[in-house]
1. So, for the stretch 428-505, what is the accessible surface per residue at a probe of 1.4 Å, expressed in square angstrom?
2. Quick one: net charge around residue 281, please, counting Lys, Arg +1 and Asp, Glu -1 for every other residue with C-beta under 11 Å from its C-beta.
3. I need two numbers for the stretch 302-455: Rg to one decimal and Dmax as a whole number, Cα atoms only, in Å.
4. Quote to one decimal, in nm, the extra length available between residue 489 and residue 445 on full extension: 0.36 nm per residue of separation minus the C-alpha distance between them.
5. On a full-extension model of 0.36 nm per residue, what is the gain between residue 137 and residue 346, subtracting their alpha-carbon distance, rounded to one decimal in nm?
6. May I ask for the Kirkwood hydrodynamic radius of the stretch 428-505, worked out over all distinct Cα pairs and given in angstroms to one decimal?
7. Taking Cα pairs under 8 Å and at least six residues apart, what relative contact order does the stretch 428-505 come out at, in percent?
8. Of the peptides 182-193, 480-491, how do they stack up when ordered by the mean number of other Cβ atoms within 10 Å, highest first?
Amino acid sequence: MTIACGFSRFLSTTRVHSSTNRVLSLWFASCPCSSASASACASEPPEIAGDPDTVREGRAEIFADKSNSVFFNKAQVNNRDLSIAVLRWFVLKRQEEHDAQLKGRRADIPPEQHADGLDPATTGSEDTALRKESSLKAPKVLEALAASGLRAIRYALEVDGIGEVIALDNNEVAIESCKRNIYHNGILASSKVVPHLADARIYMLTHPKEFDVVDLDPYGSPAAFLDSAVQCVADGGILMCSATDMAVLAGGNAEVCFSKYGSYPVRGKYRHEMALRILLACMESHAIRHKRYIVPVISVHMDFYIRVFVRIFTSASTVKSSPLKFSHVYQCVGCNSFHLQNVGRINSKDKRNIPLPNFCPTVPQECSECGGKFVMGGPIWSDPIHDRDWATSILSNIRATSGLYEAYAKISAILTSVSEELPNAPLFVSLHSICATLKCTNPTMVMFHSAIRNAGYQISGSHADPLALKTDAPMSVIWDIMRCWVKLHPVKSQPENLPGSRILSQEPQLQASFSQATGGLVARKSPRFLPNPEKHWGPKMKAGRPLKILPIDKFRVHTCYPVRRVSVDSGM
């Protein structure tokens with residue numbers, strides 16, 4: 001028999017220890033011969049050599065891979081914890097929406113035709129369909145790039161109400177590692193997580209609208225997977241996507257960004273938020289080709305990458321309004337003032353509200369503040385990138401169960417900032433950058449916030465930058481406030497051709513008030529931006545490349561003569 005042969009071969013080549021005994025019992029429980037749900041598993045148990053080191057994260061434990069043949073990054077614990085928090089809320093929200101929809105359908109059926117207390121054979125067809133839809137199936141999850149399988153295992157173990165989790169990868173070594181880790185984590189992981197060897201793009205294309213949750217966390221850019229991913233998500237499902245190619249998205253390689261995402265980045269202080277909006281615009285552009293559209297719920301820049309959570313729906317009529325969600329960015333090369341213009345507009349004379357191409361750019365050839373030229377970027381996503389209700393609810397759930405998250409401090413800080421951001425204020429300005437242009441002293445954040453509020457506008461911070469100022473005030477108002485500030489705190493004389501001199505040469509049209517405004521910036525009880533928990537916290541080397549281990553003292557000189565210490569900055 002296959003089981004007997006596999007068992008004898010396994011004992012002859014492996015030293016049995018406590019973790020191996022558990023693997024054996026789990027293998028028998030989830031073997032293809034005894035379980036149809038594990039059809040993708042091998043017919044023989046995975047090999048476990050000796051007593052390998054393990055890595056524990058949340059409720060999951062995986063075997064450490066010191067050869068780097070399978071990618072694992074400890075720094076992505078923030079990513080995984082945030083994804084679990086969002087997924088837990090999605091499961092609850094999905095059930096609420098289903099119950100509300102079911103209640104609405106019951107209201108349309110006459111009371112005498114309700115199924116309660118009636119024979120199913122005599123009830124109508126509508127009521128029969130209602131019976132079948134009354135029970136909501138557990139959400140099905142696809143982790144398209146599984147690697148070690150840690151994320152998929154954590155989903156299965158830590159998210160209540162989750163259904164089957166497909167752990168996909170096109171690397172045989174990764175799939176074997178994933179199998180070992182699944183069996184190592186008990187019957188619950190083995191019963192829910194199914195490893196599968198396949199190309200993620202082909203697999204998603206051949207499974208349209210099958211998965212309620214699709215997770216994309218590639219090493220680098222997700223651009224190659226987006227078209228198939230937006231087709232794979234079920235209506236109302238959620239697509240979770242990461243991008244770690246920040247040098248491209250933040251403007252370091254503009255031509256590469258356009259070739260991958262169809263958008264030009266602008267190297268402003270807001271580059272990390274612009275990276276989020278470029279990715280969202282790219283996802284929307286792929287979705288509308290298939291009569292689908294996205295609804296962002298959480299979009300964050302964290303550590304060295306960005307992470308977005310969007311829901312996907314199908315509607316041919318809603319897709320027509322997508323041009324209203326895209327905007328071009330015009331940034332001055334002198335004073336860094338920026339302006340946005342939508343790609344589409346609504347014709348007020350047409351009752352159908354069908355978007356039309358927008359008019360010519362609203363900005364002149366030269367900046368009205370400093371006379372500089374404008375550089376154009378985009379198109380970017382200019383609609384809200386967060387759902388404040390989602391952010392607030394997820395934050396409340398995280399605080400109630402703080403012990404379940406290893407990265408609680410980090411993700412709670414980010415979600416707190418996200419919940420406080422202005423939803424309809426794309427991009428932001430930097431107070432230090434504005435003061436550097438004028439070469440003046442900085443007003444305090446409380447004073448600047450008060451000046452904006454006293455002028456009748458809203459203002460908030462941003463999770464992407466501790467010095468960010470998100471506001472619906474136009475750039476002319478911001479510069480008028482700074483002109484008033486400089487009158488109170490004069491600056492030294494400057495050459496007339498500098499952008500700051502040209503800005504200050506104009507009289508302010510608005511008389512700013514820096515007195516404390518009601519509802520302004522208040523003292524924060526919890527931090528919003530945290531330092532890295534340890535050294536070298538960042539991206540790791542791609543799987544398959546040998547890890548480079550530097551000596552303890554890289555600059556040690558082996559000689560019997562005394563060595564003179566030289567400063568690196570001295571150039572010697």
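The values are calculated or read from the model by the stated rules, or taken from the named source; none is laboratory data. Remember, predicted model here, so these are calculated numbers, not experimental data. FYI the Cβ positions are ideal-geometry reconstructions off the backbone, even for glycines, and counts take in every protein chain you see. Only protein heavy atoms, including side chains, enter the accessible area calculation; ligands, DNA and RNA are left aside. Shrake-Rupley method; radii C 1.70, N 1.55, O 1.52, S 1.80 Å.
1. Numbers: 3310 Å² over 78 residues.
Accessible surface, normalised per residue, equals 42 Å².
2. Cβ neighbours under 11 Å give a net charge of 0.
3. Looking at the stretch 302-455, its Cα Rg and Dmax stand at 19.8, 57 Å.
4. Taking 0.36 nm per residue and subtracting the Cα distance, the gain is 14.2 nm.
5. On the way: separation 209, 0.36 × 209 = 75.24 nm, distance 4.04 nm.
Between residue 137 and residue 346, full extension yields an extra 71.2 nm.
6. Numbers: mean 1/r = 0.0773 Å⁻¹.
When all Cα pairs of the stretch 428-505 are included, the Kirkwood radius is 12.9 Å.
7. Numbers: 69 pairs, mean separation 27.5, N = 78.
The normalised contact order for the stretch 428-505 reaches 35 percent.
8. 182-193, 480-491
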